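Asker: Please read through the structure below; I'll follow up with questions.
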Amino acid sequence: MTRLEDLLDTARAWLAEDPDEETRVELADLIDAAPSSDEAAADLADRFAAPLEFGTAGLRGALGAGPNRMNRVVVTRAAAGLAAYLRDTGASGPVVIGYDARRNSDVFARDTAEVMTGAGFEALLLPRPLPTPVLAFAIRELGCAAGVMVTASHNPPQDNGYKVYLGDGSQIVSPADARIATRIDEVGPLAGVPRGDGGTVLGEEVLERYLATVVGLAGAGPRDLDIVYTPLHGVGGDVAARVLEEAGFPRPRVVAEQAEPDGTFPTVAFPNPEEPGAMDLAMALAASSGADLVVANDPDADRCAAAVPVAGNGWRMLRGDEVGALLGYALLRRGVAGTYAASIVSSSLLGKLAAAFDQPYVDTLTGFKWIGRVPGLVFGYEEALGYCVDPAHVKDKDGVSALLLLCELAAEQKAAGGSLLDLLDEIALAHGLHATDQVSVRVTELAEIGAAMARLRAAGPTTLGGYDVVGVDDLALGSAELPPTDGLRYRLDGGARVIVRPSGTEPKLKCYLEVVIPVTGGPEGLDAARATAADRLAALGRDIRAAAGI
């Protein structure tokens, strides 16, 4: 039997148990075409090359038929594996399930509910497509054993995903991911997976409790702020607008073209506020309306982005590290006591701010699965626009609560005759200008990422961007402070650093750059420090790309 015949037999067996008419037709067409079409045969081979890997981020991949795609077969097996793991651990309580507005998110949520009830668990579905932080909130609010969020966050429109939380409200970490993956692998034929009813569809009460909790984070203070907001075709629009209004802010101007949930994301190439062009419509509206601040959520509203006016020079996005420093500083200044944390790829500035207020600080691995688990956490962030400002209720990034506190800070600055940029300048004068940037390379073959990491490990640079490399940490080895992860950290003189790691959710190699430039001569020295920082970051980016061969 030839390799193609083996592949066709495997595909026919999959087809026989696929409950989805759309993916059945899609796969049947490929099976018919593969013997005479190299393109169809290659497509079929890719779909069956390997199953989607279940990890700490759950599942994420392109929609379509086959084990290497997101579909009802894969989701049913994942739900059955999760249910088996929960039984293994003796977990009790309901499983709450949320979903965004992407294609098939509601279908995957319903399948999960039926598998959970079939396994003997009570299944609770959120009432409609809602932000991921609402799901994270509901887990502890409702005393659940676990939570599932069907979302691919800010991935391209052809993707969907499956994110798992345990009963403490945190995303899963090792070894839970491996144990769930093992139980998924052990799931037999789909016909043998018990299915019950669709569980209980919750009313709006859980959303109302989430909204009240978020609004309660805001203090009494100025509310004069002209805000432009975009949910980027996601599910955050109504929720964010309500939070702002109920906290006393004027209703934001919403980008009309991006206001309604739409899983095709028609106005953007990638529905990620960090991607070039994603915020253009919002900044254009802000410029034409004379707004004070632009804020945005990604499609599942667990991230928050912001843009500010620059005198005589239009609008610019705030980097995630800038927003992280602003939110952390605001909480420190307010007297919020406890542990502050950021991922190792984020700026070192938050640690210095925490030290200045005599508060503990912790570095973590990338991802809120680690940040949310820090004991005594009161604020954590990662540079990829993720902020946790209320871990007592949401142990995950929450773009809605972060958005509210950023607007509150901007209003305070405006009332005092300043701006968020003025506050960043104040921080730079006290602690040095911490400037960050990122080199992010999207690849078509994942092997390119492994090859780049191998080149760096085999012959790493001794200088980068004019800085001497004073130390190299291979993060794959782990340490007393950090579990092992694939990455390299180059510690440079002058407090600069470069970290290189594969993305956990996209086919990208990411290089995180930071320089620390002392500001001399008071406020008049800020422009010179920024110019120096820009030159140093550009040099770091060129050198690390060359060293990695990317």
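Asker: Name the residues whose placed amide hydrogens come within less than 5 Å of the amide hydrogen of LEU125, ignoring near sequence neighbours (fewer than 5 apart) on the same chain.
Answerer: Here the answer is ILE97, THR200, VAL201, LEU202, since their amide H atoms fall under 5 Å of that of LEU125.
Asker: Grab the DSSP H runs of the chain that are 4 residues or longer, score each as -39,500 (n - 2.57), total them, divide by all residues and round the 222 nm result to the nearest 500 deg cm²/dmol.
Answerer: -12000 deg cm²/dmol
Asker: Another question about this same structure. Report the residues of region 249-283 in range of a label on ASP106: point 7 Å along Cα→C-beta, backbone N strictly under 16 Å from it.
Answerer: Inside the label zone: 260-264.
Asker: Calculate how steeply helix 447-458 sits against the longest principal axis of the alpha-carbon atoms of the chain, using the helix alpha-carbon long axis, and give the answer as 0 to 90 degrees to the nearest 10.
Answerer: 50
Asker: So, one more: So, for region 201-288, what is the accessible surface per residue at a probe of 1.4 Å, expressed in square angstrom?
Answerer: Dividing the accessible area of region 201-288 by its residue count gives 42 Å².
Asker: Using θ = phi - 60° and the Karplus form 6.51 cos²θ - 1.76 cosθ + 1.60, what ³J(HN,Hα) does each residue of region 526-539 get, whole Hz, x for Gly and Pro?
Answerer: Values, residue by residue: 5, 4, 5, 5, 5, 5, 5, 4, 4, 5, 5, 5, 4, 5 Hz.
Asker: At 7 Å along Cα-to-Cβ for each site, give me the label-to-label distance between ALA546 and ASP43 in nm.
Answerer: Label at ALA546, label at ASP43, 4.3 nm between them.
Asker: What's the magnitude of the charge dipole for region 86-178 around its Cα centre, counting Lys and Arg as +1 and Asp and Glu as -1 at the beta-carbon? Answer in Debye, nearest 20.
Answerer: 160
Asker: Oh, and also: Cross-chain or 8 or more residues apart, Cα under 15 Å: how many lysine pairs in the chain fit that? Count them up, please.
Answerer: Close lysine pairs found across the chain: 5.
Asker: Which order, highest average first, do 100-113, 263-276, 475-488, 364-377 follow once you tally other Cβ atoms within 10 Å for each residue and take the mean per peptide?
Answerer: Highest to lowest by the protection proxy: 100-113, 364-377, 263-276, 475-488.
Asker: Please list 3J(HN,Hα) in residue order for region 282-289, calculated via the Karplus relation 6.51 cos²θ - 1.76 cosθ + 1.60 where θ = phi - 60°; whole Hz, with x for glycine and proline.
Answerer: 5, 5, 5, 5, 5, 5, 6, 9
Asker: Here is a further query. Quick one: what are the phi-derived ³J(HN,Hα) couplings along region 378-385, Karplus 6.51/-1.76/1.60 with θ = phi - 60°, whole Hz, x for glycine and proline?
Answerer: 10, 7, x, 8, 10, 4, 7, 6
Asker: Follow-up. Mean separation of Cα pairs under 8 Å and 6+ residues apart, divided by the residue count of the chain: what relative contact order is that in percent? Can you show the working numbers first?
Answerer: Numbers: 1145 pairs, mean separation 58.7, N = 550.
Across the chain, relative contact order equals 11 percent.
Asker: Taking amide H positions as placed in the peptide plane 1.01 Å from N, state which residues far from LEU166 in sequence (5 or more) or on other chains have amide H under 5 Å from it.
Answerer: GLY147, ILE172
Asker: Below 8 Å, C-alpha to C-alpha, sequence gap of six or more: please give me the relative contact order for region 332-430 in percent.
Answerer: 21
Asker: Related question: At 7 Å along Cα-to-Cβ for each site, give me the label-to-label distance between VAL25 and ARG334 in nm.
Answerer: Here the modelled spin labels are 5.2 nm apart.
Asker: Relative to the longest principal Cα axis of the chain, at what angle does helix 132-141 sit, 0 to 90 degrees, rounded to 10?
Answerer: That works out to roughly 80 degrees.
Asker: Still on this structure, I have one more. Report, in whole Å, the centroid distance computed from the Cα atoms of region 410-440 and region 262-313.
Answerer: Measuring centre to centre over Cα atoms gives 19 Å.
Asker: Also, quick follow-up: Alpha carbon centre of region 317-373 versus region 168-225: separation in Å?
Answerer: 25
Asker: Using mean Cβ contacts within 10 Å as the protection proxy, how do 221-229, 153-161 order, highest first? Don't skip to the end; give the middle numbers.
Answerer: Working: 221-229: 18.2, 153-161: 21.8.
Per-residue Cβ counts within 10 Å, averaged per peptide and sorted highest first, yield 153-161, 221-229.
Asker: If packing is taken as the mean number of other Cβ atoms within 10 Å per residue, what is the order of 246-259, 313-326, highest first?
Answerer: 313-326, 246-259
Asker: Let me ask something else. Amide H of ALA496 versus every other amide H placed in the peptide plane: which residues, excluding those fewer than 5 positions away on the same chain, fall under 5 Å?
Answerer: Here the answer is VAL516, since their amide H atoms fall under 5 Å of that of ALA496.
Asker: Does anyone have the angle between helix 205-215 and the longest principal axis of the chain? Alpha-carbon axes, 0 to 90°, nearest 10?
Answerer: 20
Asker: Express in nm, to one decimal, how much length is gained between GLU445 and SER174 on full extension, taking 0.36 nm for each residue of separation and deducting their alpha carbon distance. Don't skip to the end; give the middle numbers.
Answerer: Numbers: separation 271, 0.36 × 271 = 97.56 nm, distance 2.63 nm.
Here the segment from GLU445 to SER174 would lengthen by 94.9 nm.
Asker: Express in nm, to one decimal, how much length is gained between THR462 and ALA534 on full extension, taking 0.36 nm for each residue of separation and deducting their alpha carbon distance.
Answerer: 23.8 nm
Asker: Could you look at the chain and say what percent of its accessible area is carbon and sulfur, using a 1.4 Å probe and all protein chains?
Answerer: Reported share for carbon and sulfur atoms: 52 percent.
The values are calculated or read from the model by the stated rules, or taken from the named source; none is laboratory data. Model, not experiment: these values are computed from the prediction. Please note: Cβ atoms are built from the backbone with ideal geometry, for glycine as well, and neighbour counts cover all protein chains shown. In case anyone asks, the SASA skips ligands and DNA or RNA and just uses the protein heavy atoms, side chains included. Shrake-Rupley method; radii C 1.70, N 1.55, O 1.52, S 1.80 Å.
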